[in-house]
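The values are calculated or read from the model by the stated rules, or taken from the named source; none is laboratory data. It should be emphasised that the depicted structure is a prediction, and the values quoted were computed from it without experimental measurement. When we count neighbours, we look across all protein chains shown, and the Cβ atoms used for this are built from the backbone with ideal geometry, even at glycine.
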Amino acid sequence: MDCFKIEENKGLIRYLNVLPSQQAVDVYVDNKLLYSDIKYKDFTPYVYMENRPYKIDINEAGTKNILIRTTFRLPDEDLFTLAITGNIGQESLIIIDEDIEQKISNTQAIQRFVNLSPGLPIADVFYDDKPVVDNIDYRDQTLYEYLNPGQYTVSVRGNLTGENIVKSNIQFKADRIYSIYIIGNPPNVELLQSVDGNTYACPQ
């Protein structure tokens with residue numbers, strides 16, 4: 001894939017549907033349909049947005065039932081994922097910055113965690129039973145960290161009980177920048193791995 005540069009006074013945005021209800025959604029921007037029928041765990045392609053306010057409506061797919069109505073303005077010229085999450089009646093958009101200044105490594109993977117599970121207000125993360133993240137709150141994201149490439153058994157544990165909530169084998173490659181999203185509500189929590197857009201940003 002060719003690298004890209006952020007255009008002046010613009011940013012790149014994608015949407016991610018992680019509603020625990022697993023409801024598919026439509027995205028309207030300034031009253032125009034941008035994406036339809038985004039299913040649970042699906043990402044949209046990135047799209048450029050100018051640095052100005054936008055009205056964003058998130059509807060139940062194929063209906064006029066608005067789940068989220070908000071005004072959004074790009075914080076800066078960067079990459080962002082707008083995550084659609086929250087329990088029924090408490091749906092919201094969470095802005096996740098994919099730092100354009102973060103560069104890939106030819107020898108290591110780069111990864112971080114984002115807690116998008118409203119039923120998991122605080123959690124710890126382990127790689128091969130070794131602690132790597134303490135006390136990640138709902139709606140929070142960790143800093144990017146370097147990691148030796150390979151497969152790891154990744155487990156998320158309740159901060160109070162220490163019991164495994166979800167465990168998954170995840171492969172990490174060099175030359176990639178990853179976000180691992182903690183999604184769903186107990187007992188159906190999952191780990192969703194994404195290669196972030198900054199993986200493909202042109203060197204500044």
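If you check TYR146 against the conditions, is it outside any loop (DSSP other than H, G, I, E, B), surrounded by fewer than 20 Cβ atoms within 10 Å (Cβ to Cβ) and among the aromatic types (Phe, Trp, Tyr)? Break it down stepwise before answering.
Details: outside any loop (DSSP other than H, G, I, E, B): yes; surrounded by fewer than 20 Cβ atoms within 10 Å (Cβ to Cβ): yes; among the aromatic types (Phe, Trp, Tyr): yes.
Spelling it out, TYR146 is indeed outside any loop (DSSP other than H, G, I, E, B), surrounded by fewer than 20 Cβ atoms within 10 Å (Cβ to Cβ) and among the aromatic types (Phe, Trp, Tyr).
Inspection of the stretch 145-158 identifies no residue that is β-branched (Val, Ile, Thr) and touching a helix residue (DSSP H, G or I) at 6+ places or on another chain (Cβ under 7 Å). Of all residues in the stretch 120-135, which are in contact with a Phe, Trp or Tyr (Cβ under 6 Å, 6 or more places away or on another chain) and farther than 10 Å from VAL156 by Cα? Passing the criteria: PRO121, ASP128. Looking only at the stretch 12-34, residues that are surrounded by fewer than 12 Cβ atoms within 10 Å (Cβ to Cβ) and part of a strand (DSSP E or B) come to 2 in all. When the stretch 16-62 is filtered for residues that are hydroxyl-bearing (Ser, Thr, Tyr) and closer than 27 Å to TYR200 by Cβ, the ones remaining, listed by number, are TYR35, SER36, TYR40, THR44, TYR46, TYR48, TYR54. Taking each residue of the stretch 172-189 that is in a loop (DSSP other than H, G, I, E, B) and looking for partners that are of a type in the set (Ser, Thr, Tyr) with beta-carbon atoms closer than 7 Å, six or more apart or interchain, yields ALA174/SER105; ALA174/THR107; ARG176/THR199; GLY184/SER117; ASN185/SER117; VAL189/SER117. For the stretch 169-204, a residue qualifies if it is within 18 Å of PRO131 (Cα to Cα) and surrounded by 15 or more Cβ atoms within 10 Å (Cβ to Cβ), and the qualifying residues are ILE170, PHE172, SER179, ILE180, TYR181, ILE182, LEU191.
None of PHE80, PHE72 is without any contact (Cβ under 8 Å) to a residue 60 or more places away in the chain and under 18 Å from the mean Cα position of the chain (by Cα) except PHE72. Can you tell me which residues in the stretch 94-126 are surrounded by fewer than 17 Cβ atoms within 10 Å (Cβ to Cβ) and either outside any loop (DSSP other than H, G, I, E, B) or among the acidic types (Asp, Glu) (or both)? Listed by number, the residues that qualify are ILE95, ASP97, ASP99, GLU101, ILE122.
Here's the yes/no breakdown for (1) crowded, with 17+ Cβ neighbours inside 10 Å; (2) basic (Lys, Arg); (3) at pLDDT below 95:
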{"position": "SER36", "(1), (2), (3)": "no, no, no"}
{"position": "ASP42", "(1), (2), (3)": "no, no, no"}
{"position": "GLY62", "(1), (2), (3)": "no, no, no"}
{"position": "ARG73", "(1), (2), (3)": "no, yes, yes"}
{"position": "LEU82", "(1), (2), (3)": "yes, no, no"}
{"position": "THR85", "(1), (2), (3)": "yes, no, no"}
{"position": "GLY89", "(1), (2), (3)": "no, no, no"}
{"position": "SER92", "(1), (2), (3)": "no, no, no"}
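Without any contact (Cβ under 8 Å) to a residue 24 or more places away in the chain and among the small types (Gly, Ala, Ser), is that true of GLY158? No.
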